[in-house]
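All remarks here apply to the structure that follows.
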Amino acid sequence: MKATRRAKITALGRYVPPKVVTNYDLAKRIDTNHDWVVERTGIVERHWVEPGTPTSELAAQAVGDLLKNRGIEASEVELLIVATVTPDMFFPATACIVQNKIRATHAWGFDVSAACSGFLYALTVGAQFIESGAHNKVVVVGADVMTSITNFEDRSTCVLFGDAAGAVLLEPSDEEDFGILDYKHEIDGSGGEFLYMPGGGSLHPASHETVDKKMHFIHQEGQPVFKYAVRKMGEISRAVLERNGYEGKDLDLFIAHQANLRIINAAADRMGLDESKVVKNIHKFGNTTAATIPLAIGDALDDGRLKKGKLVVLAAVGAGYTAGSVLARWAY
Ligand code: UT7
């Protein structure tokens, strides 16, 4: 893919709610234990919002952090894209609520629904507006309050998720080979039955019955999702590398959606990557859906592994199924 001008990420913002919930805390509420959760998922603790805190609040905090880090005003933002599966409400779009909260008075925007691949899909969409020349400052947010759709009586899902938001700023790159180089995204709707929230939409509008049947919660059959994720994450990441003339050994950093440590390790193995090139922070945050990749970018910036010139693959697989991989030469 040859862009007319490249988009590059120029700043990051994050927000993680302060309340930490450990596996030991969960074991007091449900039939689980620390060892099972760590062995099967790699998760040690996660952060939860106080009940009633909406996704827009986390997103607005993350964008606030982003604007501060870049040293720009909210009024300079031209486009605001929010990836989430836990919007404040069906409508208006969470992007509108965030725009109003941060006073991004010159921005338009919309939400993207692609579950755990949401941040990458939104990033790719945002990059198109930079590459086309339509905009010079695009904010892409991944934010989810997963606890708002978690069934705390279902031990197979409630241990997995956390709440958080992350945001990046996209701007035009003045260096030809720096910025977002390519992407590859896929959907496979035949996987929809394995990870979904059945209630509340037009198929099953909210009713006493849908609430009684707990249809407004995450429903997941873990094993098919696991197998698909392991296969697809490596496959799609290798594909985007190969079509740009790279191999796994050329990659500096692999920043994958944090759903399960075993999925990340298996994908990295399939790409022939050394452990030192793989970003892992699932132990601290659990699966924060659209927020995992910006949080992982943040940790890699903090620990010095991500810096200007590094060749990076961002990869995600999630409900839908959705899958995506973005290749970038880091630009700051
Ligand atoms: O981000 C969106 C995409 N989602 C994913 O990528 C998730 C993909 N799937 C997974 O990560 C894994 O399938 C899970 C972590 C969800 C589950 O791990 P698993 O190794 O597939 O376990 P399982 O569902 O096959 O369950 C194994 C056993 C079962 O007991 P029996 O039937 O063998 O006696 C479960 O009842 O583990 C039991 N179990 C638990 N035990 C203690 C399930 N949840 C728990 C728990 N604590 N929290």
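Laid out as a table, the results:
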| quantity | calculated |
| --- | --- |
| All positions within segment 138-176 that are part of a loop (DSSP other than H, G, I, E, B) and within 15 Å of the ligand (Cβ to nearest atom) | T150, N151, F152, E153, D154, V159, L160, G162 |
| Options S156, S202; residue that is at pLDDT 95 or above, open to solvent by 20 Å² or more (accessible area, probe 1.4 Å) and either among the charged types (D, E, K, R) or not assigned by TED's automatic domain parsing to the domain that holds P17 (or both) | S202 |
| Selection status of I282, surrounded by 20 or more Cβ atoms within 10 Å (Cβ to Cβ), within 14 Å of the ligand (Cβ to nearest atom), assigned by TED's automatic domain parsing to the domain that holds D188 and over 14 Å from the mean Cα position of the chain (by Cα) | no |
| Options G133, G126; residue that is in contact (Cβ under 8 Å) with a residue 24 or more places away in the chain and under 18 Å from L66 (Cβ atoms) | G126 |
| Boolean, E171 is crowded, with 18+ Cβ neighbours inside 10 Å, within 29 Å of G13 (Cα to Cα) and touching a strand residue (DSSP E or B) at 6+ places or on another chain (Cβ under 6 Å) | yes |
| Within segment 22-70, considering residues that are in contact with a Leu (Cβ under 8 Å, 6 or more places away or on another chain) and open to solvent by 80 Å² or more (accessible area, probe 1.4 Å), the one nearest to the ligand (Cβ to nearest atom) | N69 |
| Condition check for A104: touching a helix residue (DSSP H, G or I) at 6+ places or on another chain (Cβ under 9 Å), under 28 Å from V20 (Cα atoms) and in contact (Cβ under 8 Å) with a residue 12 or more places away in the chain | no |
| Those residues of segment 190-220 which are within 15 Å of the ligand (Cβ to nearest atom) and over 21 Å from T147 (Cβ atoms), in sequence order | G191, G192, E193, F194 |
| Residue match in segment 128-137 (condition: buried (at least 19 other Cβ atoms within 10 Å of the Cβ), part of a strand (DSSP E or B) and under 21 Å from the mean Cα position of the chain (by Cα)) | no |
| Some residue of segment 315-327 being open to solvent by 10 Å² or more (accessible area, probe 1.4 Å), small (G, A, S) and more than 16 Å from the ligand (Cβ to nearest atom) | no |
| Unmet criterion (only one of (1) β-branched (V, I, T); (2) farther than 21 Å from K280 by Cα; (3) crowded, with 20+ Cβ neighbours inside 10 Å) for I9 | (2) |
| Members of segment 108-126 that are surrounded by 23 or more Cβ atoms within 10 Å (Cβ to Cβ) and in a loop (DSSP other than H, G, I, E, B) | A114 |
| Qualifying residue in segment 243-250 (condition: out of contact with any Asp or Glu (no Cβ under 6 Å at 6 or more places or on another chain), in contact (Cβ under 8 Å) with a residue 12 or more places away in the chain, assigned to a loop (DSSP other than H, G, I, E, B) and within 16 Å of the ligand (Cβ to nearest atom)) | no |
| Unique residue being surrounded by 24 or more Cβ atoms within 10 Å (Cβ to Cβ) and not hydrophobic (A, V, I, L, M, F, W, C) when the list is T86, T94, T105, T147 | T94 |
| Given (1) at pLDDT 95 or above; (2) in a loop (DSSP other than H, G, I, E, B), number of the condition I263 does not satisfy | (2) |
| From A259, A268, A296, A229, residue being buried (at least 16 other Cβ atoms within 10 Å of the Cβ) and more than 29 Å from F152 (Cβ to Cβ) | A268 |
| Yes/no for L301 being away from the ligand (no atom under 16 Å from the Cβ), touching a residue at least 60 places away in the same chain (Cβ under 8 Å) and not in a loop (DSSP other than H, G, I, E, B) | yes |
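The values are calculated or read from the model by the stated rules, or taken from the named source; none is laboratory data. If you're wondering where the values come from, they're calculated on a predicted model, not measured in any experiment. A quick note on method: Cβ atoms are made from the backbone with ideal geometry, for glycine too, and the neighbour counts reach across all protein chains shown. Accessible surface areas use protein heavy atoms only, side chains included; no ligands, DNA or RNA. Shrake-Rupley method; radii C 1.70, N 1.55, O 1.52, S 1.80 Å.
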